[in-house]
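Just so it is clear, none of the values below were taken in a lab; they were calculated from the coordinates. Bear in mind that the values here come from a model prediction, so they are computed numbers and not experimental data.
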Amino acid sequence: GRVDANLYSQLIALLESKGTVLTEHVGHSMLNKEGEKNLKDNYIFDRDIAWIKTAQVLIAEVTQPSLGVGYELCLAEQRAIPILCLYRQIPGKNISAMIKGNKYFICKKYKNFKEIKKITDQFFNSILI
């Protein structure tokens with residue numbers, strides 16, 4: 001998913017206007033396809049689980065499949081955290097039915113960043129009571 005690093009960076013900046021983003025490193029151009037190779041696997045696991053435990057919402061860009069993101073989505077669902085999954089429709093490529101078919105997740109497709117902004121605004125408005 002590193003080809004989308006610029007998009008992730010834009011999304012992170014947008015979300016930072018709404019609150020604290022715990023995974024802002026995903027948008028850094030320094031992160032490559034090897035991930036956070038300078039960190040031990042158990043450290044990353046413990047850190048990411050701690051983030052989910054403190055999160056009030058989870059917004060995931062799921063166009064590029066990720067086992068880790070799938071695990072985090074499941075954990076967030078178990079904790080009843082509101083979840084928004086964003087994805088681009090790409091010809092010949094589908095997101096997992098386990099994500100798109102989950103009635104707990106709000107899954108929204110988008111074509112451009114303007115649509116992402118609209119979708120995230122609607123998401124935040126729907127969860128604020």
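Brief remarks follow.
- Out-of-range pairs (alpha-carbon distance over 26 Å; input Lys18/Lys109; Lys40/Lys108; Lys18/Lys111; Lys53/Lys103; Lys18/Lys53; Lys18/Lys108): Lys40/Lys108
- When only Cα pairs below 8 angstrom with a gap of at least 6 residues are kept, region 70-121 shows a relative contact order of 36 percent.
- Prolate/oblate/rounded call for the chain, Cα gyration tensor, a/c under 1.5 rounded: rounded
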